[in-house]
Amino acid sequence: MDQMYTPFKGEHDFAYGYGWIIQDTPFGKLVAHSGGIPGFASILLRFIDSGCSVHVLSNIMQDVSEIGKNLAAIVHEQNR
């Protein structure tokens, strides 16, 4: 797990490690993965420090990352 969540800088503009986008956020370390095919989209956000996970599934092709971030903010604010 440590290797999987260890970022390295490649050809991306973000930290990436074994399939996960890795970021520091106001809610702690975030590892995320998104995907989709025509007609579907998804994102998985795992906040390692708080133990919170957010999954967003959509049956239309759209960017669901903002929905996921907004849901994470709600959860983290409720747990303060």
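What follows draws every value from the coordinates through simple rules; no lab data is involved. Note that this is a predicted model, so its numbers are computed, not measured. Cβ coordinates were reconstructed from backbone atoms using ideal geometry, including for glycine residues, and neighbour counts include every protein chain displayed.
Observations on the model:
- Percent RCO, i.e. relative contact order, over the chain, from Cα pairs under 8 Å lying at least 6 residues apart: 18 percent
- From the coordinates shown, Rg/Rh (Cα atoms, Kirkwood Rh) corresponds to which of [x] 1.29; [y] 0.98; [z] 0.93: [y]
- For Cys52, the residues whose modelled amide H falls within less than 5 Å of its own, excluding neighbours fewer than 5 places apart on the same chain, are Phe47.
- Listed values for segment 21-38 are Karplus-derived 3J(HN,Hα) couplings in whole Hz (6.51 cos²θ - 1.76 cosθ + 1.60, θ = phi - 60°), namely 7, 10, 9, 8, 10, x, 9, x, 5, 10, 10, 9, 8, 10, x, x, 9, x, and x replaces Gly and Pro.
- Think of the chain as having a plus end and a minus end, set by charges on the Cβ of Lys, Arg, Asp and Glu; of Cys52, Phe40, Ala73, Cys52 sits farthest toward the positive end of this dipole.
- Charge dipole (Cα centre; +1 on Lys/Arg Cβ, -1 on Asp/Glu Cβ; no other charges) of the chain amounts to roughly 160 debye.
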